[in-house]
Amino acid sequence: MSFNLTSNTKCRFCNEPLRFTLVDLGMSPLCESFLSFEQLNQMEPFYPLHAYVCEHCYLVQLEEYVSPENIFTEYAYFSSYADTWLKHCQAYTNLVSGRFHLGKDSFVVEVASNDGYLLQYFVQKGIPVLGIEPAKNVAKVAVEKGVPTLTEFFGRELASRLCAEGRQADLIAGNNVLAQVPDINDFVAGLKILLKPGGVITIEFPHLKNLMEQNQFDTMYHEHFSYFSFITSEKIFAAHGLTLFDVDELPTHGGSLRIYARHDEDVSKPVGERVIEMREREIAAGFADMSHYSAFGEQVKETKRKLLTFLIEARRAGKSVAGYGAPGKGNTMLNYCGIRTDFLDYTVDRNPYKHGKFLPGTHIPIFPPEKISETRPDYVLILPWNFKDEIMQQMAFIREWGGQFVVPIPELKVFP
Ligand SMILES: [Zn+2]
């Protein structure tokens with residue numbers, strides 16, 4: 001772990017100076033800033049992708065180089081383009097509405113509700129909902145689906161306003177939003193204000209334990225300011241009068257946690273076994289010990305060397321390589337490894353918003369998935385490795401011409 005003398009940054013949770021680097025991925029463009037053909041000859045902003053770890057609270061974090069207003073007001077990610085994810089959301093809706101007895105008199109709020117991918121399932125059950133989504137283009141899709149949505153950022157201010165209107169929530173859901181909040185204290189304080197006295201908050205986030213153990217460094221991007229272990233999330237919620245009373249481990253996004261929070265005063269929901277077990281497991285694995293964080297940087301460099309070795313050998317042997325997907329994590333990976341059209345001819349994506357555009361930094365063109373059957377590449381590099389099973393199933397036909405899938409994370413693997 002390198003001791004860092006140049007950072008003047010302070011921890012976004014506990015405000016202590018950040019002195020230790022977890023991993024430095026160099027300079028990278030914003031991972032969702034896809035380029036049009038006309039933009040290819042223009043300057044492109046790159047920012048450091050440098051993750052620190054706080055020695056006091058163990059929050060892994062990036063500095064905020066770009067304001068969320070610049071990142072999230074015209075966001076290209078539409079949650080509804082992944083089937084596995086939608087199934088997950090439907091299962092969640094059934095689970096929580098049963099467990100917490102939600103019905104037509106309840107009120108469910110989702111923070112960062114995207115295109116209504118989740119709340120649509122509550123609407124189907126006749127449960128009143130409100131989405132909060134700052135990206136206008138994405139929120140518009142939600143409203144068209146029948147999911148009422150406010151296009152604002154969430155924090156103390158909005159929560160207080162809703163509370164004053166008598167709109168406190170029985171359930172507040174937040175999926176993959178906690179990482180994207182620059183002022184984490186303002187956000188969690190807002191959750192506390194918006195929650196009804198007997199209400200429940202569920203928050204899902206990628207688990208830092210999986211990120212480090214499974215080598216998922218490509219899930220780090222400028223839009224993700226923070227990376228949480230369970231013990232750190234528990235500290236943050238506790239600082240705002242919220243108790244974590246349950247936790248689920250989920251397979252989504254390479255391994256996530258779903259934490260369940262309630263008001264400290266709400267003793268009707270005792271702290272469960274799984275909370276105690278998770279806390280102990282993380283401490284035993286070293287997550288409360290700075291030395292545990294020190295080996296990660298070298299692990300990341302080795303992953304880069306393995307991927308580049310594979311690509312160099314494939315291209316030298318005259319093989320063609322195409323990408324599948326244009327996710328944020330792909331852009332971190334490709335920029336960090338310096339992979340452009342010299343290695344990857346093109347990539348494909350199911351999201352029509354991205355067709356005809358180019359990946360930021362690497363300028364790899366994005367086509368519809370049909371391009372794969374037209375050009376019959378020898379290898380298809382799967383960038384959203386968290387959907388690899390689904391993708392390999394959908395694209396199984398590449399085997400007709402001897403095509404093979406390649407997955408770079410956690411360890412480079414070729415699937416014949
Ligand atoms: Zn801290």
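Observations on the structure shown:
- Under the condition of being at pLDDT 95 or above and part of a strand (DSSP E or B), the residues counted in segment 206-252 number 12.
- Residue match in segment 21-28 (condition: away from the ligand (no atom under 16 Å from the Cβ), surrounded by fewer than 16 Cβ atoms within 10 Å (Cβ to Cβ) and closer than 13 Å to residue 362 by Cα): yes
- Per-region count, segment 294-348, residues closer than 19 Å to residue 254 by Cβ, assigned to a loop (DSSP other than H, G, I, E, B) and in contact with a Gly (Cβ under 9 Å, 6 or more places away or on another chain): 0
- Lone qualifier among 98, 116, 146 - being in a loop (DSSP other than H, G, I, E, B) and either surrounded by fewer than 20 Cβ atoms within 10 Å (Cβ to Cβ) or in contact with a Cys (Cβ under 9 Å, 6 or more places away or on another chain) (or both): 146
- Of all residues in segment 258-274, those that are out of contact with any Pro (no Cβ under 8 Å at 6 or more places or on another chain), surrounded by 14 or more Cβ atoms within 10 Å (Cβ to Cβ), in contact (Cβ under 8 Å) with a residue 40 or more places away in the chain and of a type outside the set (Phe, Trp, Tyr) total 5.
- Unique match (being at pLDDT below 95, within 16 Å of the ligand (Cβ to nearest atom) and touching a Pro at 6+ places or on another chain (Cβ under 9 Å)) among 67, 7: 7
- All positions within segment 10-52 that are in a strand (DSSP E or B), over 18 Å from residue 294 (Cα atoms) and touching a Gly at 6+ places or on another chain (Cβ under 8 Å): 28, 48
Yes/no matrix, rows are residues, columns are (1) at pLDDT 95 or above; (2) in contact with a Pro (Cβ under 9 Å, 6 or more places away or on another chain):
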residue: 59; (1), (2): yes, no
residue: 79; (1), (2): no, no
residue: 83; (1), (2): no, no
residue: 88; (1), (2): no, yes
residue: 93; (1), (2): yes, no
residue: 99; (1), (2): yes, no
residue: 107; (1), (2): yes, yes
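- Selected residue (criterion: surrounded by the most Cβ atoms within 10 Å (Cβ to Cβ)) from residues of segment 384-399 that are in contact (Cβ under 8 Å) with a residue 40 or more places away in the chain and either among the aliphatic types (A, V, I, L, M) or in a loop (DSSP other than H, G, I, E, B) (or both): 391
- Within segment 344-383, the set of residues being without any contact (Cβ under 8 Å) to a residue 60 or more places away in the chain and of a type in the set (Ser, Thr, Tyr) comprises 346, 347, 362, 373, 375.
- Scan of segment 31-64 for residues that are more than 10 Å from the ligand (Cβ to nearest atom) and among the aromatic types (Phe, Trp, Tyr), ordered by number: 34, 37, 46, 47
The values are calculated or read from the model by the stated rules, or taken from the named source; none is laboratory data. Treat the numbers as computed from the prediction; the structure is a model and nothing was measured. Glycine gets a Cβ as well: all are built from the backbone with ideal geometry, and neighbour counts include every protein chain shown.
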